[in-house]
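Here is the structure we will look at.
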Amino acid sequence: MSSTSQGTVVEHVVLVKVKDDTEPTKVNAMVNAMNSLATIDGVKHLTVGPLLRNGPTTTTSGLRFTHMLHNRYNSKEALEVYNKHPSHVNAGFLFPVCDDLMVVDWVAGGVNLPPLAKGSALRVSFLKLKESIYEEVKDEALSVVRGMEHGVAGVLWQFSYDENFSPERAKGFTLASLAVFPEREELQSVELDEGLGVVVEDVVVVDYVVP
C-alpha cells in the first residue's frame with residue numbers, strides 16, 4: 001500500500017446489526033468496547049453508537065443496521081495497523097451480539113477534514129453499481145456523488161466520497177459518501193438524491209449523530 005498525500009483522510013465505516021432482543025447491557029458493553037479502540041495508534045477520530053435512522057434500501061437486499069462505527073486515519077498504513085492490532089483482531093465483544101456486519105473504506109483525497117464535533121450529524125451512503133457495467137459508469141457515478149455537495153452547500157459542513165478499497169466485507173458496495181451537518185436538524189432538512197437511476201443495483205443510507 002502507498003501512503004496517502006498530506007491532508008488526505010482515510011475513512012473507515014462499520015455498520016452493525018445487533019441481534020433482536022439483545023439485552024441493553026450487552027449492547028452498551030459492545031459500544032464501550034468499540035469506543036476503546038480509539039486508543040490504538042494512528043486513530044485520528046473514532047465515534048460509535050446507535051443509528052438515528054437506517055434509510056431505505058433499493059431492490060431486494062433489505063439490509064438493515066442498528067449501529068455505526070466511524071474512524072479516520074491519515075494513511076492506509078495507519079488503517080492497516082489498526083486492523084492488525086490485537087484489540088481489533090480479538091474483537092470478541094462484537095460477535096455474540098452481532099447479526100450482520102458491513103465494512104467500507106475509502107480515501108477522501110485532497111481534502112482537510114477537521115475532527116467531528118459532538119452533536120454533529122452524519123448521512124452515510126453506500127452504492128452498489130451493477131457489476132456488468134461497473135467500469136463503464138464508475139467515473140460518471142462518482143461525478144454525480146460529488147455533485148451532491150453543491151446541492152446542500154448552505155447547510156453542509158463536510159463532504160467525503162470515493163471508491164471503496166476494501167471489498168472483502170463490503171457486500172459488493174463500491175462507492176461511498178459521507179455528508180456531515182452541524183446538527184441533527186440540518187441533516188433532517190435535506191434529502192441527498194444520487195440520481196443514478198438504472199446503473200445502481202442497491203443503496204444503503206444511514207443517519208447518525210455523534211454522541
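A few notes on this one:
Every residue, every condition in (1) of a type in the set (Phe, Trp, Tyr); (2) loosely packed, with under 14 Cβ neighbours inside 10 Å; (3) modelled with pLDDT under 85, yes or no:
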| residue | (1), (2), (3) |
| --- | --- |
| Pro115 | no, yes, yes |
| Lys128 | no, no, no |
| Ser143 | no, yes, no |
| Gly154 | no, yes, yes |
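- Flag for Glu149 being within 17 Å of Leu196 (Cβ to Cβ), surrounded by fewer than 18 Cβ atoms within 10 Å (Cβ to Cβ) and either among the β-branched types (Val, Ile, Thr) or in contact with a strand residue (DSSP E or B) (Cβ under 8 Å, 6 or more places away or on another chain) (or both): yes
- Filtering region 172-201 to residues that are assigned to a loop (DSSP other than H, G, I, E, B) and buried (at least 18 other Cβ atoms within 10 Å of the Cβ) leaves Phe173, Thr174, Leu192, Glu194.
- Filter pass, Pro114 being outside any helix (DSSP H, G or I) and out of contact with any strand residue (DSSP E or B) (no Cβ under 8 Å at 6 or more places or on another chain): no
The values are calculated or read from the model by the stated rules, or taken from the named source; none is laboratory data. No experiment lies behind these values; they were computed from the predicted model shown. Counting neighbours? That spans all protein chains shown, and the Cβs are built from the backbone with ideal geometry, glycine included.
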